[in-house]
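The block underneath contains the structure these notes are about, expressed in structure tokens.
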Amino acid sequence: MKIATYNINGIKARLPALLDWLKEADPDVVCLQEIKSVDAAFPAEEIEALGYNVETHGQKSFNGVALLSKLPLEDVTRGLPGDDSDEQARWIEATVMGDTEAVRICGLYLPNGNPVSFDAQGAPEREGKYGYKLDWMDRLHARAEALMAAETPALMAGDYNIIPQREDAARPDAWTKDALFLLESREAFRRILNLGFTEAIRTRHPEPGLYSFWDYQANSWERNNGIRIDHVLMTPACADLMTDCGIDRDVRAREKPSDHVPVWVELAA
DNA sequence: ATGCCATTAGAGTAATGA
């Protein structure tokens, strides 16, 4: 079972690129982020024509996540638990039954968190968008704990908006005051990892220079000024099933690309 | 230090992103 995450930065602008990649990469399940569309406007028919079931959790203009799957999507839930007042569409999960295993698949779009304000001592203040990011990560931690406690195959795939380590950025010193790389952000990410999750790419690719995002600005792609912020975190029962993983970086060089590229894992499930 | 570029909504720019 091949499972991918892909921040498409707007389904209206990205449908041709998405369809091309689906045909070529042939994933079984895809977690999409930033569909930037309400559910009713999502072009499900074109994707269903390629053999996918489609479940969306959209909102107007911003954010929005979706799951695509060649296998049935069962027990679909929308929204990250823990705050009924949160109206941003950033979380969707479902169960996919493989040949041998049922896998709980969570698609997420973690808040960016910028801009960050700093106090007189230079410490980031937990307020505004940055406060929302850290609060959201606390809720993610709680959901992650529950997935871990179930002791069954599960993964959380998406745009985490977290640069985990210096080697995950071409120019790490440019990001030290950014919500994606602040120590407090990375600590929150590591607290989740430390529950026992395996981050797919780093198990097989310890080398630096692997990125999943290149800004549209300042010729970032041409200069390979990238960051790795799209991740797949697996429970132990899921990690045991992983046979391969990768980043489809070539997608970034195509016509009218997203600023992110797909990241995928292959499971023997 | 700021904007760079792109997307959406919707008719001007404004908000957002990372």
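The values are calculated or read from the model by the stated rules, or taken from the named source; none is laboratory data. Owing to the predicted nature of the structure, the values given are computational and were not obtained by experimental measurement. Here the Cβ is made from the backbone with ideal geometry for all residues, glycine too, and neighbour counts use every protein chain on show. When the accessible area is computed, the model is the full protein with side chains, heavy atoms only, and any ligands, DNA or RNA have been set aside. Shrake-Rupley method; radii C 1.70, N 1.55, O 1.52, S 1.80 Å.
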### Task
Could you tell me which of the residues A:169, A:144, A:157 is over 15 Å from residue A:193 (Cα atoms) and among the small types (Gly, Ala, Ser)?
A:169
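If only one of A:126, A:139, A:104 is closer than 24 Å to residue A:56 by Cα and outside any strand (DSSP E or B), which one is it?
Among A:126, A:139, A:104, only A:139 is closer than 24 Å to residue A:56 by Cα and outside any strand (DSSP E or B).
Test residue A:186 against the criterion of being among the basic types (Lys, Arg) and either open to solvent by 80 Å² or more (accessible area, probe 1.4 Å) or away from DNA strand B (no atom under 16 Å from the Cβ) (or both), and give yes or no. Lay out the reasoning, then the answer.
On the way: among the basic types (Lys, Arg): yes; either open to solvent by 80 Å² or more (accessible area, probe 1.4 Å) or away from DNA strand B (no atom under 16 Å from the Cβ) (or both): no.
No: the conditions fail for residue A:186.
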### Failed criterion for residue A:59 (all others in (1) more than 25 Å from residue A:181 (Cα to Cα); (2) open to solvent by less than 20 Å² (accessible area, probe 1.4 Å); (3) part of a loop (DSSP other than H, G, I, E, B) hold)
(2)
### Task
Could you tell me which of the residues A:179, A:200, A:169 is touching a Lys or Arg at 6+ places or on another chain (Cβ under 7 Å) and among the small types (Gly, Ala, Ser)?
A:179
### Query
Restricting attention to the stretch A:95-117, which residues are away from DNA strand B (no atom under 16 Å from the Cβ), closer than 29 Å to residue A:186 by Cβ and surrounded by fewer than 24 Cβ atoms within 10 Å (Cβ to Cβ)?
A:104, A:106
### Task
Please specify each residue of the stretch A:224-262 satisfying the condition of being charged (D, E, K, R) and surrounded by fewer than 18 Cβ atoms within 10 Å (Cβ to Cβ).
A:240, A:244, A:248, A:249, A:250, A:254, A:255, A:256
### Query
Which pairs do you get when a residue that is closer than 15 Å to residue A:138 by Cβ, found in the stretch A:79-102, comes within reach of a residue that is charged (D, E, K, R) and part of a loop (DSSP other than H, G, I, E, B), reach meaning Cβ atoms under 9 angstrom, with the pair 6+ apart or on two chains?
A:80/A:86; A:80/A:90
### Query
Quick one: how many residues across the stretch A:62-80 are open to solvent by 70 Å² or more (accessible area, probe 1.4 Å) and in a loop (DSSP other than H, G, I, E, B)?
3
### Query
Within the set of pairs 6 or more residues apart or between chains, which connect a residue that is more than 24 Å from residue A:155 (Cβ to Cβ) inside the stretch A:29-46 to a residue that is more than 8 Å from DNA strand B (Cβ to nearest atom) and part of a helix (DSSP H, G or I) with Cβ atoms less than 8 Å apart?
A:43/A:15; A:46/A:15; A:46/A:19
